[in-house]
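A quick write-up on the structure given underneath.
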Amino acid sequence: MKLENFVSVNQLTEEGFWEIMETAGSLKRDLRSGKSHKVLPDRTLGMVFLKPSLRTRVSFEVGMTQLGGHAVYLGPDDIKLGERETTEDVGLVLSRYVDGIMARVFEHEIIEALAKYSSVPVVNGLTDFLHPCQALADFFTIYENKRELTGLKLAFIGDGNNVAHSLINTSALVGVDFAMACPGGYEPNDNLVNRARKSTSVEIYHEPEEAARGADVVYTDVWASMGEEDVAGQKKGSFEGFRIDQDLLEIAGSDVSVMHCLPAHYDEEISQAVAHGPNSVIFEQAENRMHAQKALLSLLMSR
Ligand code: CP
Ligand code: NVA
């Protein structure tokens, strides 16, 4: 696959997507069996974070070590992207030291600018608009559990946010039927939905039960994302009832897989019992961040 950056799932062909899935499976098996897979010897990944992270930071850093390379963490107070110097200059300078950049930023335009000015591959580690690495790990997890993707029904209960957007893009790429339930006013981006509807079904409801009926996977995320602290109280009122709990699982069916990108706010968007219950694949999903990203990095950064 020829891929220069990974800012959005929409940059992938279906063939490229499956190459990542197969590579992730093979790297996961290598790790489990103790087989060395140092396919990025001496390569360095620069990791720019303007927001907090557990999974993204650790999975990329440990993943680079396992691939024989190294990662440099640059937190919000280190380079002060856009404050101490422009995004353009950061991209131009950082890419003279490192072999790849992963960045977690606020406005989506910032990651696009980094990709434009960097001479090395840039990976989107979450923006306010998209979270494509999460979606790769999510679909890898669904495929591991269901042994197929095309024709499955994925129900997302919650905000039309970055995670929902990347799930919609990926559903369109592989032919998963996407159903969403959110309060009025919190629907996903119109243009993104219209693009996806050319390839798959995207239904938007305002009752969780309607989206969950007959779903193979039910997925949720926090009601208020990072950067939305000032509207979190207001959103809490609007989203009450948009929750994955035992009652909702009974509507979906006994084989439904429960997913959440984490971190979770228990008894808001999901009950703790369901997140830790028999239908949950949430912690497998968190682990799979590392396997999917190692696959992505190995395809983007090998010489
Ligand atoms: N799901 C996810 O991206 O987690 P972090 O915010 O901890 O990286
Ligand atoms: N929508 C959440 C995802 C966190 C991984 C956020 O942006 O905070």
Residue satisfying all of: in segment 124-139; in a helix (DSSP H, G or I) and under 19 Å from R57 (Cα atoms); nearest to ligand 2 (Cβ to nearest atom) among these: Q134
Conditions (1) farther than 23 Å from H70 by Cβ; (2) surrounded by fewer than 20 Cβ atoms within 10 Å (Cβ to Cβ); (3) within 16 Å of ligand 2 (Cβ to nearest atom); (4) hydroxyl-bearing (S, T, Y): number failed by S8: (2)
Residue list for segment 211-236, filter: of a type outside the set (D, E, K, R), farther than 12 Å from Y186 by Cβ and surrounded by fewer than 20 Cβ atoms within 10 Å (Cβ to Cβ): G214, M226, G227, A232, G233
Residue that is surrounded by the most Cβ atoms within 10 Å (Cβ to Cβ) [pool: residues in segment 241-269 that are under 16 Å from D221 (Cβ atoms) and of a type in the set (D, E, K, R)]: E269
Breaking point among (1) assigned to a loop (DSSP other than H, G, I, E, B); (2) free of Cβ contacts under 8 Å to residues at least 60 places away in the same chain, for D159: (2)
Among the candidates G82, G34, G46, G68, residue that is in contact with a Lys or Arg (Cβ under 9 Å, 6 or more places away or on another chain) and of a type in the set (G, A, S): G68
Every residue from segment 245-266 that is under 16 Å from V163 (Cβ atoms) and either in a helix (DSSP H, G or I) or touching a His at 6+ places or on another chain (Cβ under 8 Å) (or both): C261
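Here is a yes/no grid of residues against (1) assigned to a loop (DSSP other than H, G, I, E, B); (2) touching a helix residue (DSSP H, G or I) at 6+ places or on another chain (Cβ under 8 Å); (3) more than 14 Å from ligand 1 (Cβ to nearest atom); (4) in contact (Cβ under 8 Å) with a residue 12 or more places away in the chain:
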residue	(1), (2), (3), (4)
A211	no, no, yes, yes
M226	yes, no, no, yes
K235	no, no, yes, yes
F242	yes, yes, yes, yes
E268	yes, yes, yes, yes
S298	no, yes, yes, yes
Total residues in segment 114-129, condition under 17 Å from I168 (Cβ atoms) and away from ligand 1 (no atom under 12 Å from the Cβ): 2
Restricting segment 95-114 to residues that are out of contact with any helix residue (DSSP H, G or I) (no Cβ under 8 Å at 6 or more places or on another chain) and part of a helix (DSSP H, G or I), the residue that is surrounded by the most Cβ atoms within 10 Å (Cβ to Cβ): I111
Counted residues, segment 142-156 - those being assigned to a loop (DSSP other than H, G, I, E, B), surrounded by fewer than 16 Cβ atoms within 10 Å (Cβ to Cβ) and in contact (Cβ under 8 Å) with a residue 60 or more places away in the chain: 0
Residues (farther than 20 Å from K236 by Cα, more than 16 Å from ligand 1 (Cβ to nearest atom) and among the small types (G, A, S)) located in segment 270-293: A273, G277
Residue match in segment 32-51 (condition: surrounded by fewer than 18 Cβ atoms within 10 Å (Cβ to Cβ), within 16 Å of ligand 2 (Cβ to nearest atom) and under 20 Å from I79 (Cβ atoms)): yes
Checking I111 against (1) closer than 20 Å to C261 by Cα; (2) within 16 Å of ligand 1 (Cβ to nearest atom), the condition it does not meet: (1)
Residues of segment 191-230 classified as more than 17 Å from A164 (Cβ to Cβ) and within 16 Å of ligand 2 (Cβ to nearest atom), total: 2
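Here, each number is a calculation from the coordinates, and none is a lab measurement. These figures come from a predicted structure and were not determined experimentally. For neighbour counting, all protein chains shown are included, and Cβ atoms are generated from backbone atoms with ideal geometry for every residue, glycine included.
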